[in-house]
Amino acid sequence: MKVFGILLILALVTTAFAAFHARGPEAPEIKRMTTTVRTIPKNGPIYSRSAHEITPLSPERIAELAKGLTAEEARILLRKGTEPAFCGNLLDNKKQGVYHCRLCALPLFSSHAKFNSGTGWPSFFQPVDVDHVRYYKDESHGMRRVEIVCARCDGHLGHVFDDGPRPTGLRYCLNSASLQFVEEGDEPPQMGLPVKTKVAYFGGGCFWGVEDRFQQVPGVVDAISGYMGGHVEKPTYKQVCAGNTGHAEVVKVVYDPARVTYRQLLESFFRFHDATQLNRQGPDIGEQYRSVIFTADDAEIDAVKQLIHELQASGKGRYARPIVTQILPAATSGPGRFWEAEEYHQDYHARQGGACPMPPED
Ligand SMILES: [Zn+2]
């Protein structure tokens, strides 16, 4: 029964986690069960779904941050200690707010997911962002448990068990000393804030491939497949494929402008697809596969026109032919706005393997 329980936890907590969860010293069981659901840039910052930078910190940076810990906090966070039950200062905290990592300030748990487990340690049924916690198998002290650590600084937080309340059925059992509480309305520490992002929209044929490629561009926080520029509300893939809704398959790119510029995204976009093909990309034929950029303002329009002018003037490779990319204003409401595609289209190549072919380099 106990073994079954552990396996159940492993299955629950590993199914939905990203590729970077498979890195590090996880147990073979966890590694095997971890599925890659998100493409992570090979070199460049890693972001969570909530736009926090979670690139693993260097040992030097961790040592520097650790200077701010008390001896008890260091024992727990750095050397996997456990505080005595019913002794932590956050056990009975009923205030609304967010519990951040005591070492690196990454937000980890919300008061909305806190419950009274009766165990003597602060307990939560889910993290604020699945990307912010990592899981290791722990067989110390003659027990088989699943340890939880901060995804960014690897600081020890506690353990997770499968006897929690709904909706997850999980109990994240925390040490108060591993956490710092920031009450609602108070400003979190600088390292606890998400990056300020911008959004851009690109249609370049099948969105599976375009999404996967953008996801690998350093500075891209998230790439999401969807439909844009049509005249039907809430379009489905079936409707868009039938080709009469006017939508294009489009990727919404959420990016960190401090790390990558709009111009660099444009340059990537023109490498990822062949902008000289009208209403098609290779074998994919139809208006929904048209080359299109939806712009937010005049600066973006100018940047697109400038790059198209440069590529066309070069006349190299495929640019001996005219670029047919449409430039249209990005609607923020109505049927022409961006509609997120069905869940099974998201992170398609990361989950299913394979990749759409790139057009030849110029
Ligand atoms: Zn941390």
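The values are calculated or read from the model by the stated rules, or taken from the named source; none is laboratory data. Values in this document were obtained by computation on a predicted structure and should not be read as measured data. Methodologically, a virtual Cβ is constructed for each residue, glycine included, from the backbone with ideal geometry; neighbour enumeration extends over all protein chains shown.
Does GLU72 satisfy the criteria of being out of contact with any Phe, Trp or Tyr (no Cβ under 9 Å at 6 or more places or on another chain), within 16 Å of the ligand (Cβ to nearest atom) and of a type in the set (Asp, Glu)?
For GLU72, the condition - out of contact with any Phe, Trp or Tyr (no Cβ under 9 Å at 6 or more places or on another chain), within 16 Å of the ligand (Cβ to nearest atom) and of a type in the set (Asp, Glu) - is not met.
Which condition number in (1) touching a His at 6+ places or on another chain (Cβ under 6 Å); (2) of a type outside the set (Phe, Trp, Tyr); (3) within 16 Å of the ligand (Cβ to nearest atom) is the one that ASP131 fails?
ASP131 satisfies all of (1) touching a His at 6+ places or on another chain (Cβ under 6 Å); (2) of a type outside the set (Phe, Trp, Tyr); (3) within 16 Å of the ligand (Cβ to nearest atom) except (1).
In the range 287-329, what count of residues is obtained for those that are hydroxyl-bearing (Ser, Thr, Tyr) and either touching a His at 6+ places or on another chain (Cβ under 8 Å) or in a helix (DSSP H, G or I) (or both)?
Residues that pass the stated criteria total 4.
Here's a check for you: in the range 135-155, which residue that is outside any loop (DSSP other than H, G, I, E, B) and under 19 Å from PRO122 (Cβ atoms) is farthest from the ligand (Cβ to nearest atom)?
Once the filter is applied, the top-ranked residue is ARG145.
Sort out which residues of the range 43-57 are out of contact with any helix residue (DSSP H, G or I) (no Cβ under 7 Å at 6 or more places or on another chain) and away from the ligand (no atom under 13 Å from the Cβ), and write them in order of number.
ASN43, GLY44, PRO45, TYR47, SER50, ALA51 - these are the residues of the range 43-57 that are out of contact with any helix residue (DSSP H, G or I) (no Cβ under 7 Å at 6 or more places or on another chain) and away from the ligand (no atom under 13 Å from the Cβ).
Could you check the range 122-156 and list, in sequence order, the residues that are within 19 Å of ARG49 (Cβ to Cβ) and out of contact with any Gly (no Cβ under 9 Å at 6 or more places or on another chain)?
Of everything in the range 122-156, those that are within 19 Å of ARG49 (Cβ to Cβ) and out of contact with any Gly (no Cβ under 9 Å at 6 or more places or on another chain) turn out to be PRO127, VAL128, ASP129, VAL130, ASP131, HIS132, VAL133, TYR135, CYS150, ALA151, ARG152, CYS153.
Taking the stated definitions as given, is ALA177 within 14 Å of the ligand (Cβ to nearest atom), over 24 Å from the mean Cα position of the chain (by Cα) and not charged (D, E, K, R)?
Yes, satisfied.
Looking only at the range 75-90, which residues are buried (at least 18 other Cβ atoms within 10 Å of the Cβ) and out of contact with any His (no Cβ under 7 Å at 6 or more places or on another chain)?
GLU83, GLY88, LEU90
Answer yes or no: is there a residue in the range 271-286 that is closer than 30 Å to HIS52 by Cβ and either assigned to a helix (DSSP H, G or I) or at pLDDT 95 or above (or both).
Yes; the residues of the range 271-286 include at least one that is closer than 30 Å to HIS52 by Cβ and either assigned to a helix (DSSP H, G or I) or at pLDDT 95 or above (or both).
What are the pairs, 6+ residues apart or on separate chains, where a residue within the range 146-162 that is on the phi < 0 side of the Ramachandran plot has its Cβ under 7 Å from a residue that is among the hydroxyl-bearing types (Ser, Thr, Tyr) and within 11 Å of the ligand (Cβ to nearest atom)?
GLY155/SER178; HIS156/SER178; LEU157/SER178
Identify, from the list PRO167, PRO188, the residue that is over 16 Å from PRO122 (Cβ atoms), touching a Pro at 6+ places or on another chain (Cβ under 8 Å) and outside the structural domain of MET228 (by TED's automatic domain parsing).
PRO188
Name the single residue that is nearest to THR261 (Cα to Cα) among those in the range 330-352 being in a loop (DSSP other than H, G, I, E, B) and of a type in the set (Asp, Glu).
ASP347
So which of ASP129, ASP186, ASP138, ASP162 is of a type outside the set (Lys, Arg) and in contact with a helix residue (DSSP H, G or I) (Cβ under 9 Å, 6 or more places away or on another chain)?
ASP162
Considering only the range 91-109, state which residues are crowded, with 16+ Cβ neighbours inside 10 Å and away from the ligand (no atom under 16 Å from the Cβ).
Correct list: LEU91, ASN93, GLY97.
Is there a residue in the range 139-154 that is hydrophobic (A, V, I, L, M, F, W, C), more than 23 Å from the chain's Cα centre (by Cα), assigned by TED's automatic domain parsing to the domain that holds LEU69 and surrounded by fewer than 19 Cβ atoms within 10 Å (Cβ to Cβ)?
Yes; the residues of the range 139-154 include at least one that is hydrophobic (A, V, I, L, M, F, W, C), more than 23 Å from the chain's Cα centre (by Cα), assigned by TED's automatic domain parsing to the domain that holds LEU69 and surrounded by fewer than 19 Cβ atoms within 10 Å (Cβ to Cβ).
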